[in-house]
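Reading through the structure tokens given below for one structure.
The values are calculated or read from the model by the stated rules, or taken from the named source; none is laboratory data. The model shown is predicted, which means the values in this text are computed figures rather than measured ones. All Cβ positions, glycine included, derive from the backbone under ideal geometry; neighbour counts span all protein chains shown. Each accessible area value is taken on the protein alone, full model and side chains, heavy atoms only, with ligands, DNA and RNA left out. Shrake-Rupley method; radii C 1.70, N 1.55, O 1.52, S 1.80 Å.
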Amino acid sequence: MARASSSISVVLRRQSPNTHIRYLTTETKDCDFTQVAQQICKIIRTKPRWENTLSSQYPSLNFSDPQFSREVLKHQNNVLLSLRFFLWLSSHNGFSPDPISCNAIFNALVEAKACSAAKSFLESTSFSPEPASLESYARCLCEGGWVEEAVDVFNRLKGAGVCPSISTWNAALSGCLKVGRTDNVWKLYQEMIEYGVVADVETVRCLIQAFCDDNDVSKGYGLLRQVLGDGIVPGNAAFNKLISGFCKEKEYTKVSELLHTMITMNCVPDNFTYQEVINWLCKKGKVSEGFRIFNDLKERGYAPDIVMYTTMIHGLCTMGWLGGARKLWFEMFGKGFRPNQYTYNTMIHGFCKSGDFEQARILYKEMCDKGYKETTVSYNTMMTGLCLHGRTDEAYKLFKEMPQKDIVRDVITYNTLIRGFCKEGKIVESLNLFREFHTLGLQPSAQSYTPLIAVLCQVGRVEEAKSLWNDMKNIGLQPISSTHDDIINGLCDQGDVTEGMDWFVAMLTDKLKPEQRTFSRLLSCLLHRDRLDDSLLVLDFMFTLGYVLEKGICYSLVNQLCSKNTHFVETCLGDILEGSDISTCL
DNA sequence: CTAGGGTTAG
């Protein structure tokens with residue numbers, strides 16, 4: 001969860017013009033508070049261990065006088081030093097914190113967005129800030145991502161019978177969205193309703209976004225239509241979120257509807273709108289469609305920005321259309337855009353994918369020369385490309401370089417290399433990496449296990465594969481469909497067709513679609529074992545899922561059926577031949 | 001400041 005860091009040097013706002021307070025000490029000597037306060041501030045700033053000596057330096061000063069403490073706080077312009085001084089005072093000389101000083105420090109901390117300091121200050125002093133301060137505090141917490149704490153503050157305000165302003169509510173909702181806590185959005189919105197606060201456009205924007213983030217895009221759309229009916233027009237933000245959400249769901253009719261509504265409502269679709277459309281079209285495999293829109297936009301006078309170019313170049317690269325990608329790259333230059341971290345990595349990825357490591361390295365060097373730092377992503381990109389083209393030794397070299405350059409290896413780094421090694425049958429190397437990864441305490445993903453289980457099954461080490469499977473399940477990871485296929489095929493290969501059938505049934509129960517190879521392997525094993533009933537069961541599912549029967553298996557199936565010579569056989573034969581690709585051969 | 005987008009596993 002994102003947390004804002006506390007600011008270190010901060011200006012404490014002066015509350016009032018500097019007033020000279022004169023004070024009579026026990027030595028009956030006049031003491032200028034302002035002067036002493038300034039001296040003390042300097043000591044606090046410059047002497048790291050002032051706590052040990054301050055009292056003895058001013059033996060006659062009454063540190064517990066609130067007027068004095070206020071004066072020091074007024075002169076101290078570093079809020080964290082103020083806080084330290086205040087805490088020191090609290091534990092000395094019987095000083096009992098006065099509300100004015102407390103409020104001053106608390107407000108300064110809030111203003112400095114030092115949420116965690118403000119929070120511990122509240123906890124340690126147990127004073128009650130003014131409602132206005134609390135409200136600012138709640139905003140500060142939200143902006144810093146401390147939404148749980150913000151909800152507590154809202155409850156506190158509620159306890160005091162104070163209703164936060166609409167902009168504070170909105171800030172809270174927006175803060176919850178930023179850290180992905182839609183649950184808190186709904187909680188807060190519920191309270192808003194209980195207070196009788198009337199939602200405004202910004203509230204609607206937050207709610208629509210919350211629906212979209214919850215993958216309830218249709219509900220978000222419902223809300224939009226409702227408010228449009230009431231004459232409220234949310235800004236592009238709400239529209240763009242909905243459009244992006246529907247693109248993700250491939251609901252292109254709704255997308256068009258929304259684009260039209262936007263235009264009707266004078267919310268002109270912008271680069272953000274179309275960027276989302278193009279991005280999701282590309283991600284859902286409709287790159288040509290995305291490219292068409294991209295070109296249309298240019299013709300209609302839209303000026304794609306660097307992000308849009310990057311998105312489009314990426315789309316073209318994933319399709320292997322490197323020529324088109326390069327053309328856009330140069331077009332982008334012509335428009336005055338210079339590639340950034342994303343653009344470089346995208347293009348490097350394109351070259352790597354197509355196996356042009358020479359170009360990839362030229363671009364990589366250019367990226368570094370332009371001052372962009374090498375990152376985990378840039379390394380992962382190169383390693384992915386190398387592994388894809390069977391150059392795992394080179395990828396491994398890069399892997400070893402990373403710590404020397406202080407570049408963090410992440411789960412993708414390891415998964416990439418594990419996959420690469422597995423593909424080349426280097427099981428020992430893969431398992432070593434896998435263990436190293438575990439030792440480092442990194443959180444594996446399903447993709448960490450997938451290639452290992454596959455290769456272990458291929459070489460007949462199904463027990464080890466199953467043990468990895470159990471590990472996965474135990475840490476709450478869901479194996480992908482093909483991992484089921486791998487295990488079934490492994491079991492069949494070692495003659496455990498009965499257990500293979502169990503796994504097959506489990507797959508169907510989980511509504512997963514076994515691959516063609518799994519059906520073929522199961523069928524030939526079952527036929528080999530003379531288990532005709534199970535064969536027919538498997539066959540039935542196979543046809544239901546739209547697969548065709550391979551020639552070889554079809555022949556042995558027909559042979560077996562004919563050798564049984566029962567009445568039932570004849571009814572089966574027709575179906576089987578219909579579903580096979582040999583009917584023309586007979 | 002005002003909402004916010006793009007890169008790496010397949």
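Candidates A:494, A:477, A:88 compared by Cα position along the dipole of chain A: farthest toward the positive end lies A:88, with charges placed on Cβ. Of interest is the spacing of the C-alpha centroids, which for region A:234-306 and region A:356-376 amounts to 32 Å.
Run down the lysines and flag those whose C-alpha is under 17 Å from the C-alpha of residue A:284, throwing out any fewer than 8 positions away in its chain. Here the lysines satisfying the reach criterion relative to residue A:284 are A:248, A:250, A:254. Once the Cα atoms of helix A:166-178 and of chain A are each reduced to a long axis, what angle between those two axes, in degrees from 0 to 90 to the nearest 10, is obtained? Value to nearest ten degrees: 40.
Taking 20 °C and 1.002 mPa s as the conditions, I'd like the Stokes-Einstein D for chain A in µm²/s, using the Kirkwood hydrodynamic radius from alpha carbon pairs. Result for D is 70 µm²/s. In chain A, the calculated helix contribution to ellipticity at 222 nm averages -21500 deg cm²/dmol per residue, counting -39,500 (n - 2.57) for every DSSP H run with n ≥ 4. Extending 7 Å from the Cα toward the beta-carbon at both residue A:158 and residue A:529 defines two label points whose distance is 6.0 nm. The stretch between residue A:393 and residue A:60 holds 112.4 nm of extra length on full extension. This uses 0.36 nm per residue minus the Cα-Cα distance.
Considering only A:131, A:179, A:204, whose Cα is most displaced toward the positive end of the charge dipole of chain A, charges sitting on Cβ of Lys, Arg (+1) and Asp, Glu (-1)? Most positive-ward Cα: A:131. Remark on residue A:549: its backbone amide H falls under 5 Å from those of A:580, A:581, a criterion applied only to residues 5 or more positions apart or on other chains, H modelled at 1.01 Å from N. Beyond 27 Å between alpha-carbons counts as too far, so tell me which of A:219/A:283; A:353/A:373; A:423/A:513; A:158/A:241; A:423/A:466; A:327/A:405 fall in that bin. A:158/A:241; A:327/A:405, as the Cα separations exceed 27 Å there. Rolling a 1.4 Å probe over the protein heavy atoms of chain A, with every protein chain left in place, gives an accessible area that is 53 percent carbon and sulfur.
Computed from Cα atoms, the angle from the helix A:322-334 axis to the main principal axis of chain A rounds to 30 degrees.
Normalised per residue, the accessible area of chain A is 49 Å², obtained with a 1.4 Å probe and no contribution from ligands, DNA or RNA.
In terms of Cα to Cα distance under 19 Å, which aspartates and glutamates are near enough to residue A:119, apart from those fewer than 8 places away along the same chain? Within the straight-line limit of under 19 Å, residue A:119 reaches these aspartates and glutamates: A:98, A:111, A:130, A:135, A:143, A:148, A:149, A:152.
Under 19 Å of direct C-alpha separation, and excluding same-chain neighbours fewer than eight residues apart, residue A:426 reaches these aspartates and glutamates: A:393, A:394, A:436, A:463, A:464, A:486.
Residue separation times 0.36 nm, minus the C-alpha to C-alpha distance between residue A:260 and residue A:471: what's the value? Don't jump to the answer; show the numbers that get you there.
On the way: separation 211, 0.36 × 211 = 75.96 nm, distance 5.05 nm.
Stretched fully, the residue A:260-residue A:471 segment lengthens by 70.9 nm.
Compute, for region A:252-352, the length of the dipole vector about the Cα centre, with Cβ point charges of +1 (Lys, Arg) and -1 (Asp, Glu) only. Units Debye, rounded to 20.
260 debye
Structural descriptor for region A:175-248: relative contact order 32 percent, calculated from alpha carbon pairs under 8 angstrom and at least 6 residues apart. Relative to the dominant Cα principal axis of chain A, helix A:147-159 is inclined by about 50°. Stretching residue A:91 away from residue A:540 to a fully extended chain increases their span by 153.6 nm, per 0.36 nm per residue minus the current alpha-carbon distance. As a length-normalised measure over Cα pairs under 8 Å and 6 or more apart, the relative contact order of chain A settles at 5 percent.
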